[in-house]
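A.B. asks: Input: one structure, supplied below.
The values are calculated or read from the model by the stated rules, or taken from the named source; none is laboratory data. All figures in this text were calculated on a predicted structure; none of them were measured in a lab. Note: ideal-geometry Cβ built from the backbone for every residue, glycine included; neighbour counts use all protein chains shown.
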Amino acid sequence: MIKMKNKFLYILILFLTSQITFAQVTFKTAVSKTQLGLNEHLRIEFSINKQGADDFTPPNFNSFKVLAGPSQSSRFFSSTNGRNSYKLTYTYIIQPTKKGVFTIPSASITYNGEVIKTNTIRIKVVDAIDVPKDPNDPRYLASQNIHLVAEISNTNPYVGESISVVYKLYVNTNEVNVRNTREVESPSFNGFWNQSIKVKNWVAKNGTYGGKPHRYAVVKKTILIPHKAGKLTIDPMEMEITAGVPMERRDFFGNRLMNNVSFTATSGKKIINIKELPYQNKPADFSGAVGDYRFNITTSKTELNANESAQIKVKVSGKGNLKLIKLPEIETPKELEIYEPEHKENIRTTLAGLQGEIYNQYTVVPQFRGKFKIPEVSFSYFNPKDKKYHTIKTEPIFLNALSGKIPNEEDAVFTNKKTVVSNENDIRYIQSKTTFSPIEKQEDFYSSKLYYILLILPLLSIPLGIFIGKKKKKRDDDIIGNKRRKANKLARKYLSEAKKQLGKKEAFYIALEKALHNYLKAKLHIETSEISKERISEILLSKNVDNQTVTEFSTVLNNCDFARYTPSTNVEMKKEYEKAKEAIAEIDKQL
């Protein structure tokens, strides 16, 4: 009895000791402030006082964007009584994206096989605050000498007229210098068709801002074409900037020490007033072309034989909203067989707008000998420079088929109907007498070989059905394999059109880019034509798609823009196709 009591007491002591040891583990959240302005930063720390913790999982920072982190640090402390303490800290710098009261959920970590969670934190976000006008405040000095500016070529364009937005970073190098920059918010262009112009390197140039000499660099360039009239807003671009501000203190050699500070520079919202195209004198065939254009129709040959093909090219060239133009169609006589046109584009993007040419190339084949007329075609456009509509009409094209069959009434079934001619042979003599012969006796089906084969066949199919069922169950249980097969099937579905265009450079890359956008539109329920590629990457990352997959997807999307204007081989196009298929399949598995 005494042994049982001692055993129970021993177990109780061990249980209490383990509970006390576990109770000494603290994992908590701490923030630099619980109320801040929309343009302020928040420092948030997650710390644990025991070594051996791992598998740290941060909370979901909804309504906040992560500017830096996680940075990890550990420290040992010694107390006067000889006991040592330990602290492991994960630190983030975050900034709110909207006003309101928000709760930051718990972070979690694993210690001795147990999952421990931190406390939640309630944060109140108010209107953006003004930076204190303190000349001794390094952050104020940086904000007064570094400026992000959006320069718009035309703030009052017509619908369909190209404008450019150039983002420049101005720095007063006599007062501060820029150590590091990071784009944290890409501008959105709702209501505009947009295309970025890649800035390969930042080149510093001399300029002025606010009447003072500054150095500036172009950081982003974009071409915009408005879709509708009225006031449209371009949301600001934001950059996280680390600046070096000189201090009053100097080092051993007499050089002034620098204080590094971080702040967010914004280009501010821009309002564009879009003018409606004039209704007066608008041509009936006007389809939205705005710019300065030339229009013509050419044919590869005017004399040919029947069943020999000729190519007719309908081309618009010049400067304007070329990618949004609908080319007029040609009409042909019924004696000419015409095929679906092949669409091609040769366009380059500059700050002056889209320049180049687009055309549809038709293939026509005469079915008979003769002379055939393709009527004149008109093309109308609006030129914003002279504020007038212009209409260009082409001359009719005549194709002369020198040889071939001459059409007659029997051939021209498309124009004439055949006359029904009576024929006395159609009414034949009906016999009134006949002779019959007996049918030979046939074998009874129920005692035939076929009867017994059909009788046994269902029994033989049972083992086969069991075997097929097991195979299907094994396949259904293969969750990863099913996801992979489903993802690959989806990728092939979206890329089917691009695969058809392999070998045709422009058509292939247009179809490939369209397939990628259609996939994102169907999967994420967003209009990808209205957002930038950087924003697409952010959305995919927020959906827990890993960085490598997002980078591969973005690379293929970017290559579609540039490969159209650079030489590409069939091998390169096949590689791009395979990369796109793998990227879609991988994203679909992760989503």
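A.B. asks: I'm checking my understanding of the structure. Among residues of the range 186-209 that are in contact (Cβ under 8 Å) with a residue 12 or more places away in the chain and more than 24 Å from the chain's Cα centre (by Cα), which one is farthest from residue 349 (Cα to Cα)?
C.D. replies: Looking at the filtered set, the residue picked out is 209.
A.B. asks: Which is modelled with pLDDT of 75 or more, out of contact with any Gly (no Cβ under 8 Å at 6 or more places or on another chain) and surrounded by 10 or more Cβ atoms within 10 Å (Cβ to Cβ), of 506, 513? Give the derivation first.
C.D. replies: Details: 506 fails: modelled with pLDDT of 75 or more.
Only one candidate passes the filter, namely 513.
A.B. asks: A further question follows. Among the candidates 187, 213, 157, which residue alone is in contact with a Gly (Cβ under 9 Å, 6 or more places away or on another chain) and not assigned by TED's automatic domain parsing to the domain that holds residue 385?
C.D. replies: Selected residue: 213, the only one of 187, 213, 157 that is in contact with a Gly (Cβ under 9 Å, 6 or more places away or on another chain) and not assigned by TED's automatic domain parsing to the domain that holds residue 385.
A.B. asks: Of all strands (runs of 3 or more DSSP E) completely enclosed by the range 63-137, which ones contain at least 3 residues that are at pLDDT below 85, out of contact with any helix residue (DSSP H, G or I) (no Cβ under 7 Å at 6 or more places or on another chain) and under 19 Å from residue 30 (Cβ atoms)? Quick ask: steps written out before the conclusion?
C.D. replies: On the way: elements: 64-78, 84-96, 100-104, 108-111, 114-117, 121-126.
Ranges flagged: 64-78, 84-96.
A.B. asks: Let me ask something else about it. For the range 330-357, which residues satisfy the criterion of being out of contact with any Leu (no Cβ under 9 Å at 6 or more places or on another chain), surrounded by 17 or more Cβ atoms within 10 Å (Cβ to Cβ) and within 21 Å of residue 293 (Cα to Cα)?
C.D. replies: Hits for the range 330-357 are 330, 344, 349.
A.B. asks: Follow-up. Which residues, counting only those in the range 49-62, are more than 31 Å from the chain's Cα centre (by Cα) and modelled with pLDDT of 85 or more?
C.D. replies: Pass one, the range 49-62, residues more than 31 Å from the chain's Cα centre (by Cα): 49-56.
Correct list: 56 only.
A.B. asks: With respect to residue 176, is the statement that it is of a type outside the set (Asp, Glu), in contact (Cβ under 8 Å) with a residue 60 or more places away in the chain, within 29 Å of residue 230 (Cβ to Cβ) and crowded, with 19+ Cβ neighbours inside 10 Å true? Before you say what the answer is, go through the steps one by one.
C.D. replies: Values: of a type outside the set (Asp, Glu): yes; in contact (Cβ under 8 Å) with a residue 60 or more places away in the chain: yes; within 29 Å of residue 230 (Cβ to Cβ): no; crowded, with 19+ Cβ neighbours inside 10 Å: yes.
So residue 176 fails the test.
A.B. asks: Which of the residues spanning the range 463-502 are surrounded by 15 or more Cβ atoms within 10 Å (Cβ to Cβ) and either modelled with pLDDT under 70 or touching a Phe, Trp or Tyr at 6+ places or on another chain (Cβ under 7 Å) (or both)? Write out each step before concluding.
C.D. replies: First, the residues of the range 463-502 that are surrounded by 15 or more Cβ atoms within 10 Å (Cβ to Cβ): 484, 487-488, 490-491, 494-495, 497-499, 501-502.
Result: 484, 487, 488, 490, 491, 494, 495, 498, 499, 501, 502.
A.B. asks: Name the residues in the range 304-345 that are over 18 Å from residue 376 (Cα atoms), assigned to a loop (DSSP other than H, G, I, E, B) and hydrophobic (A, V, I, L, M, F, W, C), would you?
C.D. replies: 306, 325 - these are the residues of the range 304-345 that are over 18 Å from residue 376 (Cα atoms), assigned to a loop (DSSP other than H, G, I, E, B) and hydrophobic (A, V, I, L, M, F, W, C).
A.B. asks: Still on this structure, I have one more. Hey, can you tell me all the residues within the range 139-171 that are of a type in the set (A, V, I, L, M), touching a Pro at 6+ places or on another chain (Cβ under 6 Å) and not in a loop (DSSP other than H, G, I, E, B)? Spell out the reasoning first.
C.D. replies: The initial filter retains those residues of the range 139-171 that are of a type in the set (A, V, I, L, M), namely 141-142, 146, 148-150, 152, 159, 163, 165-166, 169, 171.
Still in the list and also touching a Pro at 6+ places or on another chain (Cβ under 6 Å): 159, 163.
Of everything in the range 139-171, just one residue is of a type in the set (A, V, I, L, M), touching a Pro at 6+ places or on another chain (Cβ under 6 Å) and not in a loop (DSSP other than H, G, I, E, B), namely 163.
A.B. asks: Let me spell it out: the conditions are (1) touching a Phe, Trp or Tyr at 6+ places or on another chain (Cβ under 9 Å); (2) surrounded by fewer than 17 Cβ atoms within 10 Å (Cβ to Cβ); (3) hydroxyl-bearing (Ser, Thr, Tyr); (4) closer than 30 Å to residue 352 by Cβ, and residue 267 meets all of them except one. Which number is the exception?
C.D. replies: (2)
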